[in-house]
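S.K.: What follows is a structure written as structure tokens; I'll ask about it next.
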Amino acid sequence: MAAYCRAHGLGLRPHTKTHKTVEVARMQLDRGAVGLTVAKAGEAEVMAGAGPAELLVAYPILGATKLRTLASLARVLHLLVSLDSEAAAHELSRAAAAQGSTIGVLVEFDSGLHRCGLQPGPACVALARTIESLPGLAFRGLMTYPGNIHGTEEERRREAACVAQRVRKALDAFREARLEVPIVSAGSTPSAFLSHEMDGITEIRPGTYAYNDLNTSYQGACRLEDCAARVVTTVVSTAVPGRAMLDAGSKTLSSDPLGAGPKCGYGYVVEAPDAKLFKLNEEHGHLDTSQSAHAFRVGEVVTVIPNHVCTCVNMRDEVYVVRKGEVVGSWRVAARGKIR
């Protein structure tokens, strides 16, 4: 990812929501990332310890305690926050002014996901002007999340072309208003390697690529062997014919569905791909073994590639580092549970 960004003159500001781990964040920075991305004030506190030159909170933060945290951080590092409303801007301004800090702001626009963001055009310009007028804030550019770019390569390319049009529309409005837009932040893992085809984007924020997962693999954005995160689980029962129970349920793998490929199941059993992990309870993973050539036995240890690695990692205190089949260390998931 870093090599791609260097080749195309893009900044890489990886989203740390996938790994939530300071050690991985430092590896990303060492390889040329221009900064880091988080979604929560608590995550920002943790990732500040990785030493980024600039930290982006890609989320409209509201709430006095959280805003005080960000304003305090902005006194010791370069901080950006994205938002899409005057209400959020005024709250952020009050917090920054109270602590004598300055926070950079990216105006978020909707590029097709329809989750957050203003419509690209005059509304973005109006909010940028408001931000410039508020104490403690500095308008730094635009942000969008093209999470609508997913699916097969053909589907991703088709949607990327639509996103590119919305980016152009947003930038045209600022050109007409004669306002500079230093940063145009976009990107996701499925859309990452199409970013150079979307004129105007200056940086991308992929997250999942650090570990990858089954959703990413089925979209063709990585190979199955590129899925680095594996959940180690044990077969605890084979008493029911045609079934095997794993000690990894929704509290281990998360209940996030598979949104690509067959769009069913809750993970890929590496040792027995023909066994279907078709159901999860809190502590039980239900395997359909009726069509599997693998003879599961009680006490057997197997590994599962999760559907969605980000939610899976967030349920861990630590991850183990394996090289050539040997455990060589462990990393604390320091930002897990940082939901404020």
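S.K.: Determine which member of the set Val125, Val76, Val46 is β-branched (Val, Ile, Thr), at pLDDT 95 or above, over 29 Å from Ser191 (Cα atoms) and out of contact with any strand residue (DSSP E or B) (no Cβ under 6 Å at 6 or more places or on another chain). Steps first, please.
M.R.: Working: Val125 fails: over 29 Å from Ser191 (Cα atoms); Val46 fails: over 29 Å from Ser191 (Cα atoms).
Exactly one residue qualifies, and that residue is Val76.
S.K.: Something else now. Quick check: anything in the stretch 177-197 closer than 24 Å to Val125 by Cα, more than 16 Å from the chain's Cα centre (by Cα), surrounded by 24 or more Cβ atoms within 10 Å (Cβ to Cβ) and among the hydrophobic types (A, V, I, L, M, F, W, C)?
M.R.: For the stretch 177-197, residues closer than 24 Å to Val125 by Cα, more than 16 Å from the chain's Cα centre (by Cα), surrounded by 24 or more Cβ atoms within 10 Å (Cβ to Cβ) and among the hydrophobic types (A, V, I, L, M, F, W, C): absent.
S.K.: Same structure again: Sort out for me the strands (runs of 3 or more DSSP E) sitting completely within the stretch 28-146 that have 1 or more residues that are under 26 Å from Ala177 (Cβ atoms).
M.R.: Working: elements: 36-38, 54-57, 78-83, 103-108, 137-143.
Per the criteria, 54-57, 78-83, 103-108, 137-143.
S.K.: Sticking with this one: Just give me the residues in the stretch 122-169 being among the aliphatic types (A, V, I, L, M) and either farther than 30 Å from Leu79 by Cβ or within 23 Å of the chain's Cα centre (by Cα) (or both), in sequence order. I'd like the intermediate steps shown before the answer.
M.R.: Pass one, the stretch 122-169, residues among the aliphatic types (A, V, I, L, M): 123, 125-128, 131, 134, 137-138, 142-143, 149, 160-161, 163-164, 167.
Within the stretch 122-169, Leu142, Met143, Ile149, Ala160, Ala161, Val163, Ala164, Val167 qualify.
S.K.: Just checking, which of Glu108, Glu86 is out of contact with any Cys (no Cβ under 7 Å at 6 or more places or on another chain), at pLDDT 95 or above and assigned by TED's automatic domain parsing to the domain that holds Asp199? Full working, then the answer.
M.R.: On the way: Glu108 fails: out of contact with any Cys (no Cβ under 7 Å at 6 or more places or on another chain).
It is Glu86.
S.K.: Separate question: Among the residues of the stretch 250-271, is any more than 28 Å from Gly112 (Cα to Cα), surrounded by 18 or more Cβ atoms within 10 Å (Cβ to Cβ) and more than 23 Å from the chain's Cα centre (by Cα)?
M.R.: yes
S.K.: Another question, if that's okay. Need pairs with beta-carbon distance below 7 Å; first residue free of Cβ contacts under 8 Å to residues at least 12 places away in the same chain and within the stretch 174-187, second of a type in the set (S, T, N, Q) and part of a loop (DSSP other than H, G, I, E, B); sequence gap 6+ or separate chains.
M.R.: Sorted first by the residue in the stretch 174-187, then by its partner, the list stays empty.
S.K.: Of all residues in the stretch 237-264, how many are touching a residue at least 60 places away in the same chain (Cβ under 8 Å) and farther than 18 Å from Glu300 by Cα? If you could, list the steps in order and put the result at the bottom.
M.R.: Just the residues of the stretch 237-264 that are touching a residue at least 60 places away in the same chain (Cβ under 8 Å), to begin with: 237-238, 251-252, 254, 259-260.
Pick out the ones that are also farther than 18 Å from Glu300 by Cα and you get 251, 254, 259-260.
Final tally of qualifying residues: 4.
S.K.: Turning to a different aspect of this structure: For residues that are within 27 Å of Arg68 (Cα to Cα) and of a type in the set (Asp, Glu), scanning just the stretch 7-49, find the one that is surrounded by the most Cβ atoms within 10 Å (Cβ to Cβ).
M.R.: Ranking the qualifying residues of the stretch 7-49, first place goes to Glu43.
S.K.: I would also like to ask the following. Which ones in the stretch 121-161 are in contact with an Asp or Glu (Cβ under 7 Å, 6 or more places away or on another chain) and closer than 30 Å to Thr208 by Cβ?
M.R.: Leu127, Phe139, Met143, Thr144, Asn148, Ile149, Ala160
S.K.: Right, here's the next one. Looking only at strands (runs of 3 or more DSSP E) that lie completely in the stretch 260-332, which have at least 3 residues being under 21 Å from Val24 (Cα atoms)? Reasoning before the result, please.
M.R.: Working: elements: 276-280, 285-288, 301-305, 318-323, 326-332.
Here the list reads 318-323, 326-332.
S.K.: Considering only residues that are of a type outside the set (Ser, Thr, Tyr) and crowded, with 23+ Cβ neighbours inside 10 Å, look in the stretch 140-155 and name the one that is nearest to Gly207 (Cα to Cα). Can you show your working first?
M.R.: Quick first cut of the stretch 140-155, residues of a type outside the set (Ser, Thr, Tyr) only: 140-143, 146-151, 153-155.
Right, trim to crowded, with 23+ Cβ neighbours inside 10 Å and you get 140, 142-143, 146, 149.
Values: Arg140: 22, Leu142: 19, Met143: 15, Pro146: 13, Ile149: 14 Å.
Checking each candidate, the answer is Pro146.
The values are calculated or read from the model by the stated rules, or taken from the named source; none is laboratory data. Please read all numbers here as calculations on a predicted model, not as lab measurements. Here Cβ is always computed from backbone atoms with ideal geometry, including for glycine, and neighbour counts include all displayed protein chains.
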